Structure formats: C-alpha cells, structure tokens
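A short worksheet on the structure shown next.
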Amino acid sequence: MASSTIQTDNKTTRFQAKVRQEYVRGGRFGPDIGASENSVIQTNKNLKKTSIPLIGKINGGGVRGSSQLAGNETALSNYAATAQPTYHRQGVLVDNEENELAEFDLFSAARPALNNWTMELKRDEIIQSLLAVEAGGTYYNWGGSVGATGSSAASAANLDTWDTNNGDRIIYGAALSNRTAGNVTTSLATIDTTNDKLTAAMVTLAKRRCELANPLIRPVMVKGDEPWYILYVGALSFRDLQNDATISAANREARPRAVADNPIFTGGDLVYNGVIIKKIADIDKFIDGDSTNSDWDGVWGANATGDKLSTAGNSSSRVGVGFMCGGQAVGFHIGRMASFQRRKEDDYGHQNGVGITMKHDIKKVFYNNKQHGMLTIFHSASADA
C-alpha cells in the first residue's frame, strides 16, 4: 500500500499564504485594516509610488425650479495622500545541523520568529504614524528618524504649525480652553494630573469634536448604518479609563455579565457612547522607552527633538496621547506582500538562511495640511506609583 506525502513546495506555499495574511491582518490593529475607505487603516497596493484619493463633499445649494444648471456647477474638490513603499527585510541563519533538514522544516523553524518580527514592525510603524505631523507640506515624525519613507523628527516649530492647521482635531486635557493656538508647548503644559486624566467625559468631548470638525472625521460604519469611532490608547491611559466611575458603571450595568464577555473580567476593549477603546500597550514605549535601544525607544519622550511627552505636562508631568480614529486615518501602502526567501547555500554548503521580505510605507493621511481621519487627545497619564 502506497502512502501519500505532502510535497515540500506545497508546504512552503501554505506558509507563504499564512504569513501574507498575518502581515496585513495580524495583531491588535488587524481588524481595523482593510481596502475600503470605511477602514481606519486603508491599504493600497502598488509596486511604486502609491496614492490614496479623497473626494471632498459637494458644497453649495445647487439650483431650483426653472433655474439653469449649466454654468452654475460646483467644482469637485479632490486630494491625494501619497507614499513611497520601501523594502523591509529580516533573516536568520540555520546552523549545520539544520542544514540537513528538508526545506519545509527550515520554514517551520524560522516562520514564527520572522512572522512575529513582521507584525511587530507593522504595529510599531502604525503607532509612529498616529502621532506624525505635517508642516508646510512636509511629513514629520513626532520624534525619531525612523517612520514613513523619507520622514524625520519634527522640531517644536513643526509641531506648532501642525497645531495651527489642526485646531479642530486636537484636544489638550479636559477643556478646549487648554489649547493655545499655534503653541504646542504651552498647550501641553496646561495638562495636570488631577483634572486632565482620560475620562468618559473626555471621550464624549472627543467624539463630539470629530462630528463637528471641518471637514468632519467620518466614523467607521458597521452593519451599514451604525457609526463608530475607534480610540487607541496606551496601557496607562487605558488604566485611567477603566477606573473612571462612568466607564466602570457602564461595563457593570450595561455590558453582558458573563465572565467571557465583560471587560471587567477579561480586560478587553472598552465600549462607550459609540466609541470602541482599544489598549495598545506598545504606545507607552514611544513615550517612556523600553531600554532596548530600538528605533522606537522614547522617541515621543526623552528622545524627541521637539516637545517631550514624558515631561510636557504641568509641573513636568507625563502626558499620554490617544487617537480617536474614523475612516482613512492611516494609509498602509503595500508595494510587495511579505514572503519568505531561501538564502543560497554558502560556505561550501555549510550554512543556510531563511529570510522574509516585504515592501510598504505606513503614513498618517493628511489632506490639505489636515490629518484626515483622526483626532488627537493629549491627557495626563502618570506612571504607576
């Protein structure tokens, strides 16, 4: 009796398909990534320079009755958010023992670690993009030289220009009066550790500002006609929301009581007033650092070129940041999907290597100097005592 075996190429292909799926959809941001304008993080695929278009709404009253439409048309405004995908690669060498294994076993051994590296890179580049700014048509990171293709760290003057152009899309603490237009440093310094923690009231204010922004920050539509916003916050900010009396009561009294379904027990996403609040713990390393000397180590905090969120608040207190997102907040521009590659045998056949390669650019979407699908919430988020 003959026994069937799976060909090596078939196993390799299956691994390729899985890593490509997880490259786009894996991780905490995965459910919010999609190809349509209804996605918080919109994908676009092109080998070279890519662009996400925005068609503005039509203004004006039109004509009525017997009035002639010809000659009274309205120009259709349109903008484009461009990006330049670039290659990202990582690999591992396999020692002489592993060299004797079959090809699919090499892929099996290397895939989890390389796949995790891919998803972590995507996650961190998305986080970096969330606090990016634009000044004079130039895209900057809040801090750090690594981010979208060609980006660099913003100066204090760059941050002030961003604030000037996005006053309807930035909140400093619990009161709109905390903001001094065109001066991020002064605005951040009003945030104190007592009144400006992230609360249910601040979430409601942020949602209302999204709805009143010009142009409005369009919510993500669920089930056809349910408008929702997604709020990404770090672990310390999420802690304060969990402890807020209104949020706590809402979870206790309005959410399912089952252990598996209530965030009181599971620590899962919070839901309040049409806003889904997601904890992205890695946001905090951008402010506080993680002592690994990574590209993201404290780049919004001690290593920032402009305002340092680690000491920007009143009495040099720590400032957290949240991102209230609707559709098309971030562009995920894909030049090539992630794929595994085998290194050709080296050192007289003694070594083999397995690598992963992909080509992308991840950028916050700006149109006409405004961050298109996002409101930024600065708030007090002190470190645990």
Within region 256-281, tally of residues that are aromatic (Phe, Trp, Tyr) and at pLDDT below 90: 1
Qualifying position, being surrounded by fewer than 20 Cβ atoms within 10 Å (Cβ to Cβ) and closer than 18 Å to Lys364 by Cβ, among Leu176, Leu159, Leu216: Leu216
Pairs where the first residue, in region 328-341, is closer than 18 Å to Lys363 by Cβ and part of a strand (DSSP E or B) and the second is at pLDDT 85 or above and small (Gly, Ala, Ser), C-beta under 6 Å, 6+ apart: Val330/Ser129
Cβ-Cβ under 7 Å pairs, at least 6 apart or on other chains, region 166-183 side touching a residue at least 24 places away in the same chain (Cβ under 8 Å), far side among the β-branched types (Val, Ile, Thr) and surrounded by 17 or more Cβ atoms within 10 Å (Cβ to Cβ): Arg169/Thr376; Ile170/Thr376; Ile171/Ile377; Tyr172/Thr190; Tyr172/Ile191; Gly173/Thr190; Gly173/Ile191
Number of the exception - Gly224 against (1) modelled with pLDDT under 90; (2) outside any loop (DSSP other than H, G, I, E, B): (2)
Scope region 171-201; condition assigned to a helix (DSSP H, G or I), in contact with an Asp or Glu (Cβ under 8 Å, 6 or more places away or on another chain), aliphatic (A, V, I, L, M) and under 25 Å from Asp160 (Cβ atoms); matching residues: Val184, Leu188
Some residue of region 281-294 being over 23 Å from Ala175 (Cβ atoms), basic (Lys, Arg) and either surrounded by fewer than 16 Cβ atoms within 10 Å (Cβ to Cβ) or within 17 Å of the chain's Cα centre (by Cα) (or both): yes
Any hit, region 325-332, residues being more than 22 Å from Gly144 (Cβ to Cβ) and not polar (S, T, N, Q): yes
Yes/no for Trp162 being out of contact with any Leu (no Cβ under 8 Å at 6 or more places or on another chain), assigned to a helix (DSSP H, G or I) and touching a residue at least 12 places away in the same chain (Cβ under 8 Å): yes
Among (1) over 22 Å from Lys364 (Cβ atoms); (2) under 19 Å from the mean Cα position of the chain (by Cα); (3) among the small types (Gly, Ala, Ser), the one test that Ala200 misses: (2)
Inter-residue pairs, beta-carbon under 7 Å, first touching a residue at least 24 places away in the same chain (Cβ under 8 Å) and in a helix (DSSP H, G or I) and in region 266-295, second polar (S, T, N, Q) and surrounded by 15 or more Cβ atoms within 10 Å (Cβ to Cβ), 6+ apart: Ile287/Ser310; Asp288/Ser310
Options Thr311, Thr376: the member that is at pLDDT 95 or above, within 19 Å of Gly144 (Cβ to Cβ) and assigned to a strand (DSSP E or B): Thr376
Single match in Asp284, Asp288 (criterion: within 24 Å of Gln128 (Cβ to Cβ), in contact with a Ser or Thr (Cβ under 8 Å, 6 or more places away or on another chain) and at pLDDT 95 or above): Asp288
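The values are calculated or read from the model by the stated rules, or taken from the named source; none is laboratory data. These figures come from a predicted structure and were not determined experimentally. Virtual Cβ from ideal backbone geometry, glycine too; neighbours counted across all protein chains shown.
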